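The values are calculated or read from the model by the stated rules, or taken from the named source; none is laboratory data. Fair warning: this is a prediction, and the values are worked out from it, not measured in the lab. FYI the Cβ positions are ideal-geometry reconstructions off the backbone, even for glycines, and counts take in every protein chain you see.
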Amino acid sequence: MPALSKPACPGLPDIGGARRELLGPGAIVWTVHLLPAERSGHRIIDGERVCQAIAAISPPEAMQAQAKTFAVLGDPTRLTLLIAIKAAGPISVSDLAAATGLNDTTVSQTLRFLRAAEVVSTERDGRVIRYQLADGPVAALLP
């Protein structure tokens, strides 16, 4: 039975470093991949792990978008409000201010930023607007 080769790195050409696989009795296949030319001088200890890491890295535009999303957590005021919203569920600006010790203006301005970043959403209850976490990567990271 002829041994079939499968790529070591999905989406990457199979022509550079090598990986050995056993596919059955006596069948050994060497699968190879190519590092970008600008990285060819780097010492590689485990080609398979390099391959997995390359496959996991998004294009630069996607990385910028992800960094922007996660930057929301880098400010203590935003993080405090997000944790409070997660714990309380839909909550008003006044209640968040009372719970966190921040003034209403700070809470309101911070929530405006979080809403523009699509990290929180609102629901109206008569004259009261309540804030809740939007589904997304930031909500999944909060404790």
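Residue-by-condition table, conditions (1) among the hydrophobic types (A, V, I, L, M, F, W, C); (2) in contact with a Leu (Cβ under 9 Å, 6 or more places away or on another chain); (3) within 20 Å of D125 (Cα to Cα); (4) at pLDDT 90 or above:
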| position | (1), (2), (3), (4) |
| --- | --- |
| A37 | yes, no, no, no |
| D46 | no, no, no, no |
| R49 | no, no, no, no |
| A55 | yes, yes, no, no |
| T69 | no, no, no, no |
| A97 | yes, no, yes, yes |
| T110 | no, yes, no, yes |
Problem set entry | Cross-chain or 6+ apart pairs with Cβ under 8 Å, region 117-143 first and in the same structural domain as K68 (by TED's automatic domain parsing) and closer than 13 Å to I91 by Cβ, then part of a loop (DSSP other than H, G, I, E, B) and of a type in the set (G, A, S) | V120/A134; S121/A134; Q132/G89
Problem set entry | Residue ID - modelled with the highest pLDDT, chosen from residues in region 71-91 that are surrounded by fewer than 16 Cβ atoms within 10 Å (Cβ to Cβ) and under 13 Å from R130 (Cβ atoms) | A88
Exercise. Do we have R115 as more than 18 Å from T77 (Cα to Cα) and among the charged types (D, E, K, R) here?
Worked result: no
Problem set entry | Filtered residue count, region 33-64, keeping only those that are assigned to a helix (DSSP H, G or I) and loosely packed, with under 12 Cβ neighbours inside 10 Å | 11
